[in-house]
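Only one structure is covered here, and it is reproduced in the block below.
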Ligand code: ARG
């Protein structure tokens, strides 16, 4: 059990949750500390005074051995042997489930992520939504939620008429079969560069044919869709990403009318220059466009239908949309429209916005008209991982396999390490560094722990009543903090908390590894250190696996 939870419960004070309790960087003052600054507002007293008051009403026990109030902090010293014993026993018995929970039982979370656009490049811009969504999917499952992963395909719109037109004019079957998404994307790009009035008219006609159910047009469309999905699924497999539904925009073709009718009924639909809109001026937003003047529906119309469908189908507790912050307004608008329609569940829709990813050499800039395909970033990272590993240890067996795990991990970790809203510049050298705050560093630490355990060969028994030293206890506290970290990551939709946690734990383990002998220690110290090593390895693995990252046995 995390003692932060224990302390928070014992404090039993309004506004104090386990995550408010900090792990001070040095344990001299205390093993845990509650900063009282936030509480000053709630209680309208100074932090110093609050700390003093909390201290005087707190009784020490066999878990918390000492409390002190210093400069607005309430510091706790805990029974180190007790905590170590509890945590290591827990990890030993939970294994790969350590950190999991049942809090989500009976609740469903929908996660709309990665949402591919048919026939368009799957580029580095899709990295964050894919790995963020993928990680949230794993985190919520780990916490006992029922999770529905949804790929809201971009498969609706006039561009598919254009694509068919381009294919008919310039394409051929063999080439497209062979070139897959690259070939169809090239046709689409060519259409946009070369199409004349007549082709534009033909494209509109093809789109109409798709809509009216024409067989040939629909077969072609389905084929393009299949080629796109076959392509992305290979990438999903590598990144360990799963979906439960591929219901895309087209799926809602026949589900928009009821929403439009309801908007009318509720007097929310207004005419504006021939178009139908929902006025959002009172909320400081531009109007939400529902129907264009030619009667065509829009992205928002389909999202209104999709949210309604998801509520009816899955009865979600929350529905997350992992989409770039460029679409902030879109989500605010259609969430508001649902609220105005009286859907009380509109409050359960969450836009999980994230920042942009660009490459260090600026190759992503659309100015140069160059798109960086995600597939290429992955291959390059795996290739570079091979070189890095080979340089470090050329004797290693299964270097290819290890390079896969390390390279893929680096791509994922590179996108997940920072707070999600930050724009990031992706650098191959940085993400593949053994030294920095990287997955490679954590994986290497795991390999180190693994090798200690292999070398020892002994059966590990946790000695009773062992009093851990400072470095050992830092690792113990970090281990104890894992379950709460997972809960925080879910609550804040922030897998970066787990990524940072993994690095922090690895750093503490390494400090312990360097400062304390393990294999040459004796008696209880040796037993405890081996048990600690085993628990640290397990917990680092659990943390990385929630990000979708594997751990090689050796590196
Ligand atoms: N396909 C869209 C895009 O690339 C993202 C879709 C996100 N999901 C949603 N329900 N709007 O911009």
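Bear in mind these aren't lab numbers, they're just calculated from the coordinates by the rules spelled out. Please read these numbers as outputs of a predicted model, since none were measured by experiment. Positions of Cβ are backbone-derived with ideal geometry, glycine not excepted, and every protein chain shown enters the neighbour counts.
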| said: Can you tell me how the stretch 362-457 classifies by the Cα gyration tensor, rounded, prolate or oblate, using a/c under 1.5 as the rounded cut? | reply: prolate
| What is the gain in length, in nm to one decimal, between residue 49 and residue 453 on full extension, counting 0.36 nm per residue of separation less the C-alpha to C-alpha distance? | 140.5 nm
| message | What does the C-alpha gyration tensor say about the overall shape of the stretch 414-505? Classify as rounded when a/c is under 1.5, otherwise prolate if a/b is larger than b/c, or oblate. | response | oblate
| query | Fewest first, what order do 460, 549, 389 take by the number of other Cβ atoms within 10 Å? | reply | 460, 389, 549
| message | Quick check: Cα centre of the stretch 484-555 to Cα centre of the stretch 305-328, how many Å? | response | 35 Å
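Restricting the count to DSSP beta bridges whose residues both fall in the chain, what percent are antiparallel, rounded to a multiple of 5?
50 percent
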| Inter-label distance for residue 387 and residue 28, nm, one decimal - labels placed 7 Å from Cα along Cα-to-Cβ | 4.6 nm
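Compute the relative contact order of the chain as a whole-number percentage, counting only Cα pairs closer than 8 Å that sit 6 or more residues apart in sequence. Provide the component values of the computation, followed by the final result.
Numbers: 898 pairs, mean separation 90.6, N = 555.
With pairs under 8 Å counted, the relative contact order is 16 percent.
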| note | When 216, 193, 339 are ranked with the fewest other C-beta atoms within 10 Å first, the list becomes 193, 216, 339
| Helix 173-194 sits at what angle to the longest principal axis of the chain, using alpha carbons and giving 0 to 90 degrees rounded to 10? | 70 degrees
| said: I'd like the orientation of helix 80-94 relative to the chain: the angle between its Cα long axis and the longest Cα principal axis, in ° from 0 to 90, rounded to 10. | reply: 40 degrees
| Taking Cα pairs under 8 Å and at least six residues apart, what relative contact order does the stretch 57-188 come out at, in percent? | 22 percent
| request: Compute the long axis of helix 328-340 from its Cα atoms, compare it with the longest principal axis of the Cα atoms of the chain, and write down the angle in degrees, 0 to 90, nearest 10. | output: 80 degrees
| query | From the Cα gyration tensor of the chain, with a ≥ b ≥ c the square roots of its eigenvalues, which class applies: rounded if a/c is under 1.5, or else prolate if a/b is larger than b/c, or else oblate? | reply | oblate
| Mean separation of Cα contacts under 8 Å, 6 or more apart, over the residue count of the stretch 245-303: relative contact order % | 27 percent
| request: Whole Å is fine, so just give me how far the alpha carbon centre of the stretch 137-158 lies from that of the stretch 14-91. | output: 39 Å
| request: Rank the residues 199, 555 as a footprinting-exposure proxy: fewest other Cβ atoms within 10 Å of their Cβ go first. | output: 199, 555
